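Shown next, in structure tokens, is the structure this report addresses.
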Amino acid sequence: MTAEPTEVLAEADALELLGRGQIEIEGRLVDASNTTLRAEITLSGVTRRCVYKPVRGERPLWDFPDGTLAGREVSAYLVSRATRWGLVPPTILRDGPLGPGALQLWIDEPEAAEGLIGFVPAYDVPQGWFPVAAARDDDGDAFALAHADDPRLARLAIFDAVINNADRKGGHVLYPATGSIHGVDHGVSFHVENKLRTVLWGWTGRPLPDEAVAVLEEVRAGLGGALGEALGEHLTISEVQHVGLRVKRLLRAGRFPKPPTDWPAIPWPPI
């Protein structure tokens, strides 16, 4: 397995690198609420950066059992792989310098990358964008939290509904030079109660694309086989069952979900 540092690794090669490579920690990402480390990982002359989230660095959460966030990160990748949408970078669970944790391939963003989510002046929402919430700055000027009507983001919104993502901030969406998008930070997902919190509410109530319906059918089938077995290594039986229930509800409704009424619909901070 050889690749220049600027080359994109094939998924299988990335998984092999993450699973067998030697990890050298570079430093901590200080904005993260849980211990999140950037590291270099090397195997057979190939070196890439990765994100390492050790279980021992997880902060206790009142609604998620201690020590389960890393497994949820891996589970999000497994669901992403089942959709074949490539939304989550390759992610595994393995021992590292600080013990077991989630290891995820680092995604570089070019400096000129333009985001598809953000605060914009309320009177100047870009054409083709959805406003999803109103806000004002310290001077009282009106802004809108908005996102683009982009099919890549629509896929991510559907994916988040499947995994019950409780924290889809704008900053958790990455824009690599390949033109794809990636979602990261899925440690608070897969709860059995509805906890969907996201900034991607622009398609609320709209029909699901035909492509998404076909993908959800494949995911539902996979939950009865290999996908369900793989998720069962990281989630409880009930949590895996509720993935299937959410997929079933999406297919039955045939529409993007609506914001919850008993739970904050948008994470804070949203970006």
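FYI, it's all coordinate maths here, none of it is from the lab. What you are looking at is a predicted structure, and each value in this text was computed from that prediction instead of being measured. Cβ sites come from the backbone with ideal geometry, for glycine too, and all protein chains shown count toward neighbours.
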Evaluate the distance, in nm, between pseudo-label points positioned 7 Å from the Cα of residue 251 and of residue 123 along their respective Cα→Cβ axes.
4.9 nm
Please report the equivalent ellipsoid semi-axes of the range 70-188, computed as sqrt(5 x eigenvalue) of the Cα gyration tensor, largest first, in whole Å.
30, 15, 14
Rounded Å value of the spacing that divides the Cα centres of the range 98-114 and the range 211-264
26 Å
Just to be sure I understand: if I project the alpha-carbon convex hull of the range 1-90 onto a plane and average over all orientations, what area do I get in nm²?
6.8 nm²
Using θ = phi - 60° and the Karplus curve 6.51 cos²θ - 1.76 cosθ + 1.60, what whole-Hz ³J(HN,Hα) does each residue of the range 27-40 get, with Gly and Pro shown as x?
x, 9, 8, 6, 6, 7, 6, 9, 4, 10, 10, 9, 9, 9
Note on the chain: the mean projected area of its alpha-carbon convex hull, in nm², is 15.1 nm²
Lysine pairs in the chain with alpha-carbon atoms under 21 Å apart, 8 or more places apart or on different chains: how many are there?
6
Which whole DSSP H helices in the chain pass both tests: a Cα extent of 15 Å or more along the axis and a mean Kyte-Doolittle value no lower than 0.5?
151-163
